[in-house]
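Shown next, in structure tokens, is the structure this report addresses.
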Amino acid sequence: MFYAIAVISIITFIIFGIDKRKAMKHQRRIPESTLLSLTFLGGTIGALLGMLVFRHKIAKRSFLLKFVLIVLLQALFIYFIFLNA
């Protein structure tokens, strides 16, 4: 499980970097739904690092709200898994 989360986080980090580069070059961007889906699927650490390192999506309030919602849902999921373990 740890390796799967590590791999998806690395992929998510790279995708955030690619999207930032495309934004700077005024090219076609990666959809926010893709970025958020990768985050939801376990790439939260990579997404957070990508947001901080590349300074990407940190000023967009709607994206941040969705990101925080995903993190909260993941925290609840983990809480209930450990509660029932």
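The values are calculated or read from the model by the stated rules, or taken from the named source; none is laboratory data. Since we're looking at a predicted model, the values are computed, not measured. As a convention, Cβ positions derive from the backbone with ideal geometry for all residues, glycine included, and neighbour counts pool all protein chains shown. These area figures cover heavy atoms from the full protein model, side chains too; ligands, DNA and RNA do not enter into them. Shrake-Rupley method; radii C 1.70, N 1.55, O 1.52, S 1.80 Å.
What do you reckon, is residue 55 without any contact (Cβ under 8 Å) to a residue 60 or more places away in the chain, surrounded by 10 or more Cβ atoms within 10 Å (Cβ to Cβ) and under 25 Å from residue 20 (Cα atoms)?
For residue 55, the condition - without any contact (Cβ under 8 Å) to a residue 60 or more places away in the chain, surrounded by 10 or more Cβ atoms within 10 Å (Cβ to Cβ) and under 25 Å from residue 20 (Cα atoms) - is met.
For the stretch 68-78, state whether one or more residues are among the aromatic types (Phe, Trp, Tyr), at pLDDT below 95, out of contact with any strand residue (DSSP E or B) (no Cβ under 6 Å at 6 or more places or on another chain) and open to solvent by 30 Å² or more (accessible area, probe 1.4 Å). If you could, list the steps in order and put the result at the bottom.
Start the filter on the stretch 68-78 by keeping residues that are among the aromatic types (Phe, Trp, Tyr), which leaves 77.
Subsequent filtering for residues that are at pLDDT below 95 retains 77.
In the following step, the residues that additionally are out of contact with any strand residue (DSSP E or B) (no Cβ under 6 Å at 6 or more places or on another chain) were identified as 77.
Filter again for open to solvent by 30 Å² or more (accessible area, probe 1.4 Å), leaving 77.
Yes.
Does residue 63 qualify as being more than 16 Å from residue 5 (Cα to Cα), surrounded by 13 or more Cβ atoms within 10 Å (Cβ to Cβ) and either within 9 Å of the chain's Cα centre (by Cα) or not basic (Lys, Arg) (or both)? Step through it out loud before you land on a result.
On the way: more than 16 Å from residue 5 (Cα to Cα): yes; surrounded by 13 or more Cβ atoms within 10 Å (Cβ to Cβ): yes; either within 9 Å of the chain's Cα centre (by Cα) or not basic (Lys, Arg) (or both): yes.
When the stated conditions are applied, residue 63 passes them.
Of the conditions (1) more than 10 Å from the chain's Cα centre (by Cα); (2) among the hydroxyl-bearing types (Ser, Thr, Tyr); (3) under 20 Å from residue 65 (Cα atoms), residue 12 clears all except one; give me its number.
Condition not satisfied by residue 12: (1).
Taking interchain pairs and intrachain pairs at least six residues apart, which have beta carbon atoms under 6 angstrom, with the first residue in the stretch 28-45 and open to solvent by 70 Å² or more (accessible area, probe 1.4 Å) and the second of a type outside the set (A, V, I, L, M)?
Final answer for the pair search is 29/19; 29/22; 45/9.
With respect to residue 18, determine if the residue is of a type outside the set (Asp, Glu) and over 10 Å from the mean Cα position of the chain (by Cα).
Spelling it out, residue 18 is indeed of a type outside the set (Asp, Glu) and over 10 Å from the mean Cα position of the chain (by Cα).
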